[in-house]
Amino acid sequence: MILVDNFRDKSAYEGMTRDTVLTFEQAIECYRVITGIKHFVESRTEKPKANYTIAEIITITKNQYGNKIFSNFFKQ
């Protein structure tokens with residue numbers, strides 16, 4: 001696990017909901033920016049899908065470091 005700096009601009013993700021669909025690459029970037037953790041689905045899935053909803057990302061990363069931060073960011 002690699003942490004990135006604490007000065008990340010999360011504003012691009014503020015309008016998203018748990019139903020928002022992201023590409024795999026966007027999902028990685030979104031998780032990294034919000035949690036500060038570089039690793040996301042690469043190590044959580046055998047074969048990544050092309051797209052993920054925010055809700056799927058929360059489910060996939062359950063019990064992983066950063067999941068609560070990510071989940072709380074998208075609380076509805």
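The values are calculated or read from the model by the stated rules, or taken from the named source; none is laboratory data. Since the structure is predicted, the reported quantities are computational estimates derived from the model, not experimental observations. Cβ: placed from backbone, ideal geometry, glycine included. Neighbour counts: every protein chain shown.
Within segment 53-68, the set of residues being within 14 Å of H39 (Cβ to Cβ) and within 10 Å of the chain's Cα centre (by Cα) comprises I57, I60, T61, G66, N67. Determine if segment 35-46 includes at least one residue that is of a type in the set (D, E, K, R), at pLDDT 90 or above and under 13 Å from the mean Cα position of the chain (by Cα). No, there is no match, as no residue in segment 35-46 is of a type in the set (D, E, K, R), at pLDDT 90 or above and under 13 Å from the mean Cα position of the chain (by Cα).
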